[in-house]
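Nothing in this text is a laboratory measurement; each read-out follows from the coordinates by a stated rule. Everything numeric here is computed off the predicted structure, so don't read it as measured data. So basically every Cβ, Gly included, is an ideal-geometry build from the backbone, and we count neighbours across all protein chains shown.
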Amino acid sequence: MTSVTRKRAGKSKDIIKKDGKTFFEFTDRTTAFDGIKKDEFPHKGEVCCRLSTYWFEIMEREGIPTHFRAFVPPNIMEVEYLEIIPIEVIWRNFVAGSMLKRYELGENPKTGIEPRLGARIPDGTIEFTTKFEEKDRLIDEQEIIDSGWLTHQELDYIRGCTRRINEIMSRHLLEKGIILADFKIEFGKDAEGDILLADEVGTPDGCRFWDQNSYKQGVIESLDKDVYRYEKGDLSDVYLRIYRRICE
C-alpha cells in the first residue's frame, strides 16, 4: 500500500488509512487482564478477521447496520470511519467472567440469577463499561446519559440492537453445538450521526463460546480467549477449531 498512515489501535488491531479509506489489520497480539498478560499466537489475527467478516455479513443481511465494507484477505478489513462511542456493551446469557468475580466479592445477584459459573441468566442481561479509560469499569445507564455519550433514545436503540445481535448469533451457534455465554461489542456514529455496529463481532476475543455437549455433561469447555487467560489450552489451536466449527 502507498501513502499509508499506520498507528496502533487498541490491543489487538492496527488502523491503516489510505486514500480516504480506513482499514483494520487484525494482528496476532493477544492480551488479558487489562494488558498485564501479553503474547502473540500464529493465525489469531486471521481467524478473528475472518470470523468478524462472517458475522458482519450476517448482521447486514439481518438489517443491522455495521461499519464493515470489505474483507481483504487474509487479515485486513475495510471499514467505514466512525466516531466510537466510549462505552463497551456486554450481553450475558450465562454467569461468567467479571460478573462471576463480582458475585464472589459479595455483590448480590439480580433476582433469578444464581451466582455460580455457568448459571443461565433468564432472558439475558445487558451491561455497560467504560472504554478508553486506563481500566474499564462498570457504569450504569444514567452515567452514560449524564456524560453526554448517548441520549435516552440512542441508548434504547443500542439496547434493542444488542438483544437482536444476541438472538442472531445464539441461533446460528446452537446449530453448530456452541453456546454463546456472553459477548462484548462496540458502536460508533457515522458522519450523519447514525449509530453502527463497530470494531469486531463474534470472535473468540470478544465472546465466550462453550461446547454445548460438554455443558450438558456439567463441564465448561472454553472455545475462546479464556483458554489463554486461565492457561486451559493452546490459543492458536482453539481459535482455529472454533473458526472451523462456525464457518465450515
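Please report how far the C-alpha centroid of region 137-203 lies from that of region 80-136, rounded to the nearest whole angstrom.
Computed from Cα coordinates, the inter-centre distance equals 12 Å.
Could you tell me which of 23, 36, 70 has its Cα farthest along the dipole of region 5-79 towards the positive end, charges placed at Cβ (Lys, Arg +1; Asp, Glu -1), taken about the Cα centre?
In region 5-79, that residue is 36.
About the Cα centre, and with charges only on the beta carbon of Lys, Arg (+1) and Asp, Glu (-1), how big is the dipole of the chain? Nearest 20 debye, please.
640
Which residue, chosen from 207, 188, 223, occupies the Cα position most advanced towards the positive end of the dipole of region 169-248, where the dipole is computed from +1 (Lys, Arg) and -1 (Asp, Glu) charges on Cβ about the Cα centre?
Selected residue: 223.
Counting Lys and Arg as +1 and Asp and Glu as -1, each charge on the Cβ, what is the dipole of region 5-79 about the Cα centre in debye, to the nearest 20?
It works out to roughly 320 debye.
Between rounded, prolate and oblate, where does region 52-184 land on the alpha carbon gyration tensor, with a ≥ b ≥ c its root eigenvalues, rounded for a/c under 1.5, else prolate if a/b exceeds b/c?
Oblate shape, in that a/c is at least 1.5 and b/c is the bigger or equal ratio.
For a footprinting-style exposure proxy, rank 180, 240 by other Cβ within 10 Å, fewest first.
Least crowded to most crowded, the residues run 240, 180.
So what's region 5-79 giving for Cα Rg divided by 2.2 N^0.38 Å, two decimals?
Ratio of Cα Rg to 2.2 N^0.38 Å: 1.16.
In Å and from the alpha-carbon atoms only, list the Rg and Dmax of region 166-248.
Cα radius of gyration and Dmax of region 166-248 are 14.4, 50 Å respectively.
Once both labels are modelled 7 Å past Cα along the beta-carbon direction, what's the residue 108-residue 190 spacing in nm?
4.5
What shape does region 209-248 have by the C-alpha gyration tensor, where a ≥ b ≥ c are the square roots of the eigenvalues, rounded means a/c under 1.5, and otherwise prolate means a/b greater than b/c and oblate the rest?
Here region 209-248 falls in the oblate category.
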